[in-house]
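Enquirer: To start, I am sharing the structure in question, which I have written as structure tokens.
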Amino acid sequence: MPRRKKTLEANKINFRESFASLKFVPRFFKEIRKVNPSLFYANIFGRVLNAVLPVIMLLLGKLIIDEVILQIGNELKDLDRLWMLVAAEFGLAILSDLLSRGISLSDALLGDQYSIDTSVRIIKKTSELNLDQLEDSEFYDKLERARQQTTGRVGLMSNILTQGEDVIVIISLLAGVVAFEPWLIILLIVSIIPTIINEIKFSGTSYSLARSWTQERRELDYLRYAGASDVTAKEVKLFGLSDYLAGRFQNLSAKYYKQSKSLAKQRAGWGSVFNIVGTGAYYGAYVFIIFRTVAGIFSIGDLTFLSGSFNRLRSKLQGFFTRFTQITESALYLQDYFEFLDLSFSNENSEEKLELPKEIKHGFEFKNVGFKYPKSEKWVVRNINFHLRAGEKLAFVGENGAGKTTLIKLLLQFYEPTEGEILLDHVPIQKYNQAAYQQYFGVIFQDFVKFELTLRENIAMGEIREIGNQSRIDSAAQKSLAQEVVSELPLGYAQQLGKRFKNGKDLSGGQWQKIAIARAYMKDAEVLILDEPTSALDARAETEAFQRFIQLTQGKTAVIISHRFSTVRIADRIMVLKDGQVEEIGTHQELMANDKLYAELFNLQAAGYQ
């Protein structure tokens, strides 16, 4: 616990920092206005109108009471004016209720629309990130804070608009009180000072706690998922992990609860002390108004108006400052959100990008390429030099951790080389537009995503713009042998996959892999990359899949990663990696003749089949 307490102190946000976060509020409201301008302005108008009603209704209440007392003293009763005042107050009460409901409705609608808009923007911004950024825990914490409080930003909008509405109410009530008794303003100030002190004292504390626990809350989310998910259920049951995961979740949650409880108790305790002072000042003002009424200076109607106005003023002002703290804390999350959207990345610069060649002529070259993760001294790969020729099928082989997949990620510009350069037709790949460059490639990763969407969508993910092109989808399914999967499912291409949703059908590993391969065929890419593309297929299906692959990719450039040497031997050349460096490169026959690592691994695997 001492270490965690120290971390919280290091992340403590003071009042000045909380206040500074309000600079993002104007931008926030510009974004809200854009999602639905007419509803936004209707909301503002409704709030302004609703803000002036309280003081008018208090004045009507004063007039009604004074009129009642006047009529009590009159022998000839004339109640016309009284009923007119009552009817006016009744009408305003109905109007106030309708306005409040309309404001709540528009808040909810605007909030939902803005929540959708911000989620879409975060998803699109995330797509601009380099893979190494997403794999960095500190950077991922920043992303997590940007994602947090999506619904909280809806509350922030409502709070700020309510704050503006209350300002109008406060000004109108102050004007009424000053008109009757200016001295009451002094007691009013005294009654709200304790609230101001309390809010300043605890400003930013909730955000500070949440910020310091960003990583731990991600861990809690993961433990919750790991302990209650269909994906992990087999291992959890088989190894009896339920108690361990629940215990770890409970222990970490208890630590967070302990700090949160301590903060809540401090806030409640100090709030109670300050409230006693404020309440005392209010009742002092109330006694003052009673004395003035008994002395005949104020009428009974004046007493009602002043006591009601003073009570509302105190309540509104306390709410104003309490809400102000909530707004500044929410604005800190808003700051995280906008700072994330404004992030610029190393691959962004003002240099004009070159057009990609319509046809690859020379190929790709790795020149002295090295890569290591930020804040790490260990090189993942280094001194990598090779030429992937146009139209060539090049296989990467090597033991686990040799750097095969890292080279693919460098080639795809998911990572930026730490040293050296990668060229396409003699031009550094960074000089091409990254998004257009990546469209060059059709890729099947070993850990491909099993989208729990329809079968049609899963295949079309390879070229989502062609999702309506049935002939192209059919062709991709035919080439990858996924047509067999389609024919076995009750709803064919419309079949929902996975078990997460109703009527979903789960598939075998081999079936999923055929669909993943179909994605690569769906995209008529210049370069195909297959990272362990057939690991879940049986021997017959694997042989057929690769024979079709060679036939269907004539003239295209391809990179193949596989642990099965029966697969890689069909490549034009094979590059052997060891400890992040190129050990040897050549054809299957040349490498066997070299009698080095490739020959050793090939013979070891071949012996397993004898």
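Enquirer: Among Ser566, Ser38, what is the fewest-to-most ranking by other Cβ atoms within 10 Å?
Expert: Ser38, Ser566
Enquirer: Taking neighbour Cβ counts within 10 Å as the exposure measure, how do Ser475, Ser508 sort from fewest upward?
Expert: Result, fewest neighbours first: Ser508, Ser475.
Enquirer: Taking a threshold of 25 Å on the Cα-Cα distance, which of the pairs Lys358/Lys523; Lys479/Lys596; Lys431/Lys578; Lys361/Lys514; Lys409/Lys556; Lys124/Lys367 fall above it?
Expert: Violating the 25 Å Cα-Cα cut-off are Lys479/Lys596; Lys431/Lys578; Lys361/Lys514; Lys124/Lys367.
Enquirer: Net charge near Asp572: determine it from the other residues with C-beta under 9 Å of the C-beta of Asp572, scoring Lys and Arg +1 and Asp and Glu -1.
Expert: Combined, the nearby Lys, Arg, Asp and Glu give +2.
Enquirer: Only counting other Cβ atoms within 10 Å, I'd like Thr405, Thr126 sorted with the fewest neighbours first.
Expert: Ranked by crowding around the Cβ, least crowded first: Thr126, Thr405.
A short reminder: the numbers here are calculations on the coordinates, not readings from a lab. What you are looking at is a predicted structure, and each value in this text was computed from that prediction instead of being measured. Cβ sites come from the backbone with ideal geometry, for glycine too, and all protein chains shown count toward neighbours.
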